[in-house]
1. With the full set of protein chains in place, find how many percent of the accessible area of the stretch 93-133 is carbon and sulfur; take the probe as 1.4 Å.
2. Order Tyr98, Tyr86, most accessible first, counting only protein heavy atoms with a 1.4 angstrom probe.
3. Which value, in Å² and to the nearest 10, is the accessible area of Arg261 when all protein chains are kept and the probe is 1.4 Å?
4. Which residues' amide hydrogens lie under 5 Å from the amide hydrogen of Tyr86, considering only partners 5 or more residues apart or on another chain, with H built in the peptide plane?
5. Highest first, please rank the peptides 157-165, 133-141 by the mean number of other Cβ atoms sitting within 10 Å of their residues.
6. Measuring with a 1.4 Å probe in the full set of protein chains, what accessible area per residue, in whole Å², belongs to the stretch 61-167?
7. For every other residue with a beta carbon closer than 13 angstrom to the beta carbon of Gln110, add +1 if it is Lys or Arg and -1 if Asp or Glu, then tell me the sum.
8. Please report the accessible area of Lys317 (heavy atoms, 1.4 Å probe, ligands and nucleic acids excluded) in Å², nearest 10.
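The values are calculated or read from the model by the stated rules, or taken from the named source; none is laboratory data. For clarity, every value in this text was computed on a predicted model and none was experimentally measured. Cβ atoms come from the backbone with ideal geometry, glycine included; neighbour counts cover every protein chain shown. Accessible surface areas use protein heavy atoms only, side chains included; no ligands, DNA or RNA. Shrake-Rupley method; radii C 1.70, N 1.55, O 1.52, S 1.80 Å.
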Amino acid sequence: MKTKFVRGALPTMTLLLALSGLYGCGGDEAPQAPPAASTAPAGAAPAPAAPADAGSDASASTAATVPQSVPALLEAANKAMREQRYILPEGDNAIEYYLAVLDLEPENRQAQLAILELMPSAQGVTERLIDTNRLDEAAIAVAVLKRAQPTSVVVTTLEQRIGAQRRAEEQRQQAEEAAARLAEQRAREAQATAAAAPETAPTPARPQPTAATPPPAAAEPAPPPTPAPAQPAATLASATPAPSVAASSAPENQDFKLIRRVNASYPSQALRSRTQGWVELAFTITAEGDVTDVEVVDADPRRVFDREAVRALGQWKFTPRIENGKAVSARARQRLEFNLN
């Protein structure tokens, strides 16, 4: 049988034979598929492959969780309200979600009304943050409130409170630091003084009597004082005892003395009704001479002059009672008269 060659078939067969020879030279490895056609224009440099970046993946994940549409923002705001996240945490609270809705739709009535309803609660949260000295969180909340109502007097007041409290806190810290520095300086001065002082101070020698200097003669005892006539107890309590040689060596005992008296005011109602009376009071004179624990023992008429009597007696001043050379507290009584003359 004769083989007939079709014109143009010879070059095609030659190309196929050449390709099969190339495959044979490559061993058993299968030929790789040709790369996919690129849409880039001819002659253009290929675009570099984007490197794998964990940060970009995290950013994309975070961006995917943030609502991007008005319905999603409204749903997020409703959820925040149910969970009472009115203004905190930052970026995840109801007011900021409603503000984001107004950024997309400035005339959204639902968001506008919701912000108006939320403002009192958000302001209350901010006040509690200020009261508990959580000033950083309070400043974030005030910034959100100012975005919602820039001209609100309440928001301005909250902002001023934060500033005043920050200044007070700074002054307190400065005072504590100054006190610490002063205490440290005094401690150093005390250490320096202790180091400079001698360990034991020398005791001056007592001069011994010699033939040239005879010992001093013993002082003759003074004659005993003439006893004073008997006086009322109140007068004796305020009298100064006469000095004596025996008293100088024995412990001193002395009763309290009044050194300042404050007169009671006459009650206006009693003055108008021309009422007179008295109040008897019991009280304590402290070791410093102050009056404490004033109480009404008796009064005539009752509960008319009591308050003024207690107020006046509480301002009296005494020298304290001295027993065995030491000031001690003492209990005393006093009657205050209220007369129109």
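1. Details: 1030 of 2070 Å².
Exposed carbon and sulfur together represent 50 percent of the surface.
2. Numbers: Tyr98 5, Tyr86 55 Å².
Putting Tyr98, Tyr86 in descending order of accessible area: Tyr86, Tyr98.
3. Roughly 130 Å² of Arg261 is accessible to a 1.4 Å probe.
4. HN-HN under 5 Å from Tyr86: Ala94.
5. Working: 157-165: 15.1, 133-141: 17.7.
Order by mean packing, descending: 133-141, 157-165.
6. Working: 6040 Å² over 107 residues.
Averaged over the residues of the stretch 61-167, the accessible area is 56 Å².
7. Working: positive: Arg109; negative: Glu75, Glu105, Glu107, Glu117.
Around Gln110, the charge tally is -3.
8. 50
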